[in-house]
Amino acid sequence: MKYIMPEYYGEFRCLDKNCPDSCCKGWQISIDAETLKKYSNLEGPFANRLKNSVDWENGCFCQYQGSCVMLNEQGLCDIYTEAGPSMLCGTCRDYPRHREEYEGVVELSLSLSCAEAARIILEHTGPLFQRSRALRPQSGVSGARAYTGQGISYGRSAGLSGWR
């Protein structure tokens, strides 16, 4: 498998409560099957709240006034603050990182719908792409984040030629 990503991909860090917007507002947050199973097996007071915050039929978080019900008044995720990052679903763990796979090539990118990712992308002045021929996921990390910063060679002069 070959991987290609923008040079700035590894620069992204969530602004959390300092973000001028929120990725927890204005869209339905899908929950992957593995995380739904994990949530269904939880026990305790927070587990009860979490289970009541999931639309189990549609596999997503419930909404309140256009926001995920787990978004607290400080603009932070109660799942993250109460249970830790390992309890986040794939959507929340990876966003705004995006992974697209086709014909033996994986493209990793950032979404312009995130204010901090948009700032990074629009202010970037260096080469656009980094390339690698064989990346291995980091141990204990899943999704698009597992490939950040590993074995990457800069493709300034080569552009996209030769990676296929």
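Residue count for the stretch 41-64, restricted to those that are hydroxyl-bearing (S, T, Y) and at pLDDT 95 or above: 1. With respect to the conditions (1) at pLDDT 95 or above; (2) over 26 Å from S113 (Cβ atoms); (3) among the charged types (D, E, K, R), E34 falls short on a single one, namely (2).
So that you can scan it fast, the table gives a plain yes or no per residue for (1) in contact (Cβ under 8 Å) with a residue 40 or more places away in the chain; (2) part of a loop (DSSP other than H, G, I, E, B); (3) not small (G, A, S):
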| site | (1), (2), (3) |
| --- | --- |
| G75 | yes, yes, no |
| I79 | no, no, yes |
| E82 | no, no, yes |
| S86 | no, no, no |
| R93 | yes, no, yes |
| E100 | no, no, yes |
| S109 | yes, no, no |
| L112 | no, yes, yes |
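Under the condition of being surrounded by fewer than 17 Cβ atoms within 10 Å (Cβ to Cβ), on the phi < 0 side of the Ramachandran plot and in contact with a Lys or Arg (Cβ under 9 Å, 6 or more places away or on another chain), the residues counted in the stretch 95-118 number 3.
Comparison of G26, G59, G10 shows that the only residue that is small (G, A, S) and within 17 Å of S113 (Cβ to Cβ) is G26.
The values are calculated or read from the model by the stated rules, or taken from the named source; none is laboratory data. Note that the structure is a prediction, hence the values are computed from the model and not measured. Here the Cβ is made from the backbone with ideal geometry for all residues, glycine too, and neighbour counts use every protein chain on show.
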